[in-house]
Amino acid sequence: MLEIPERMNAAGIFVDRNVREGRGDKVAVIDTADGREYTYAQIQAMVNRVGNALRDTLDTRPEERVLCLLLDSPAFVASFFGAIKIGAVPIPTNTLMKPPDYEYFLNDSRARVAIVSAPLVPLVAPVLKNLHFLRHLVVVGDAQLDDVPLDISVHNFELLLTQASDRLEPLELSKDDACFWLYSSGTTGFPKGAIHLQHDMLICAENYARGVLDINENDRTFSIAKLFFAYGLGNALYFPFYVGATTILYPGKPDPHTFYRIATDSKATLFFGVPTAYAALLALPEEETREYDLSSVRYGVSAGEALPPALFERWKERWGSEILDGIGSTEILHIFISNRGGVVRPGASGTLVPGYEARIVDEAGNDVPRGEVGDLLISGDSICAAYWNKHEKTKDTIIGRWIRTGDKYLQDEDGYFHYQGRSDDMLKAGGIWVSPVEVENTLMSHPAVLECGVVGAEDDEGLIKPKAYVVLRSEYEGTDSLRRELIGYVKERIAVYKYPRWIVFVEQLPKTATGKIQRYKLRDLG
Ligand code: 3UK
């Protein structure tokens, strides 16, 4: 059993402990951007410099939020743990969003400091004038910035670090102090900041990474899912750091050849992807992948959305390793139901991860009989404390020790859990949330669109992608060029992974008596 100390600091456990226990010279991070390797001692020094710079130069106090809009890099690692080490609360943030999204994250969280990778600066620059609380913008690398409001000062990350001491003791906190936030989106309304506590990462590392993956010091992790996702943060940061293993970071865009090349060259032992990424990797013809060697991989891991059985079979046949599908969530922090090596049931999410309990309940909250579908509730000690400033949403989601996952599940006679869909209209594209309402509202703002309904539809690989049913205003015609225009229009306005992959022009939409679109009827249209 894992013992969680009453007083602790997660950075002390995940960073300092490695050096204290003699792993200072072990490689902690390989940055594939330039091939540089960083030992645990070097990472610790960098973490300390960030902590000192935040506290002494930028006057960051405990509990203050530090928004991290960062590519996967040593700077991410140092910013995340550096903030935690002084009791501040980092917010790893999705790098694929649009400027208005960042305006919301920065104002909602009241972050006083934002640390931003230079290539991502253009995403926040246009909204700086609308920020009420930001005082310091720290840029990693060089970026051009004009018209910065007077109350925001711009700093260079590297320079701040050079001027800061590399020695820092972690601030002693309660195991139940806030540690970091992660934003998660729902069907309607703004994203919710899930507040995770100091002990949460320990629970996931012990229960899942050690309990299911048997992670150890000799592992080399490579995650296609970026560090700003709850999934990637565990996979490629606090899992390997929990045991003093090595993580391989890649700051670039998704590309199957690059993924294969990195996994081959770095001899990754744990490979983490989402179903869409596995589909793209397997879509390359064998002649094109002969030069790659994945024999070092102990397990592939898949999460974010259900892994179609065909992808499991094709991967195993091609590369020899099993893909362990597991379900996790931002609120629970990581995977709580998972397949295990040797006993995988393709198509199922697996069995409970140690440390978690599950209930499947009907609408009245009573347990359904084995084999029947109901709403999945989970209990376990990595669940977030609350959503920031969203008391009603918190109460709807977290019920005492239990949390509503929003998923429909059934458990079979052998204890395996089978995913049966969402209980709301949310869908996942490439493992990332898409709200049909947001896509609909965006389409509706185009002059040609009278009304529309967006649902998930299966592509050729059996993976879900957004599909739009559109009723046009009478003066417009449903042509291919209008289809392309609407797609381009959506891509420009909201995060690109949300655009409809198909647009069907229809005369009318199925509606309830009160005029609400019946998305389930659209889904049945296929
Ligand atoms: C869905 C799955 C079927 C499900 C996540 C691993 O995805 C993660 O977190 P999110 O908050 O989404 C959570 C929701 O996504 N889902 C995730 N995995 C599966 N559905 N099969 C799966 N294997 O609806 C769940 O409620 O983005 C995944 C680790 C940490 C995570 N945060």
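The figures follow:
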{"read-out": "Candidate set from the range 501-526 (those that are more than 21 Å from T479 (Cα to Cα), open to solvent by 50 Å² or more (accessible area, probe 1.4 Å) and of a type in the set (K, R)); member that is farthest from the chain's Cα centre (by Cα)", "value": "K511"}
{"read-out": "Residue selected from the range 396-429 under the condition among the β-branched types (V, I, T) and either near the ligand (Cβ under 9 Å from one of its atoms) or open to solvent by less than 30 Å² (accessible area, probe 1.4 Å) (or both), by the criterion farthest from A468 (Cα to Cα)", "value": "I403"}
{"read-out": "Number of the exception - I494 against (1) within 16 Å of the ligand (Cβ to nearest atom); (2) within 17 Å of T188 (Cα to Cα)", "value": "(1)"}
{"read-out": "Residue within the range 457-471 that is open to solvent by 60 Å² or more (accessible area, probe 1.4 Å) and not in a loop (DSSP other than H, G, I, E, B) present", "value": "yes"}
{"read-out": "Single condition P309 does not satisfy, out of (1) within 13 Å of the ligand (Cβ to nearest atom); (2) within 29 Å of A75 (Cβ to Cβ); (3) open to solvent by 50 Å² or more (accessible area, probe 1.4 Å)", "value": "(2)"}
{"read-out": "Residues of the range 215-252 classified as in contact (Cβ under 8 Å) with a residue 60 or more places away in the chain, open to solvent by 30 Å² or more (accessible area, probe 1.4 Å) and under 22 Å from E21 (Cα atoms), total", "value": "2"}
{"read-out": "Members of the range 270-304 found to be part of a loop (DSSP other than H, G, I, E, B), farther than 17 Å from L233 by Cα and in contact with an Asp or Glu (Cβ under 8 Å, 6 or more places away or on another chain), listed by number", "value": "R298"}
{"read-out": "Hey, G326 within 19 Å of R370 (Cα to Cα) and either open to solvent by less than 40 Å² (accessible area, probe 1.4 Å) or near the ligand (Cβ under 8 Å from one of its atoms) (or both) or not", "value": "no"}
{"read-out": "Pair list, Cβ < 6 Å and 6+ apart or interchain, from the range 344-356 residues that are among the aliphatic types (A, V, I, L, M) to residues that are open to solvent by 40 Å² or more (accessible area, probe 1.4 Å) and within 11 Å of the ligand (Cβ to nearest atom)", "value": "A348/H418"}
{"read-out": "Check on I115, of a type in the set (A, V, I, L, M), open to solvent by less than 10 Å² (accessible area, probe 1.4 Å) and out of contact with any Phe, Trp or Tyr (no Cβ under 6 Å at 6 or more places or on another chain)", "value": "yes"}
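The values are calculated or read from the model by the stated rules, or taken from the named source; none is laboratory data. Quick caveat, the model's predicted, so the values are computed rather than measured. Methodologically, a virtual Cβ is constructed for each residue, glycine included, from the backbone with ideal geometry; neighbour enumeration extends over all protein chains shown. Just the protein is used for accessible areas: all its heavy atoms, side chains included, with ligands, DNA and RNA removed. Shrake-Rupley method; radii C 1.70, N 1.55, O 1.52, S 1.80 Å.
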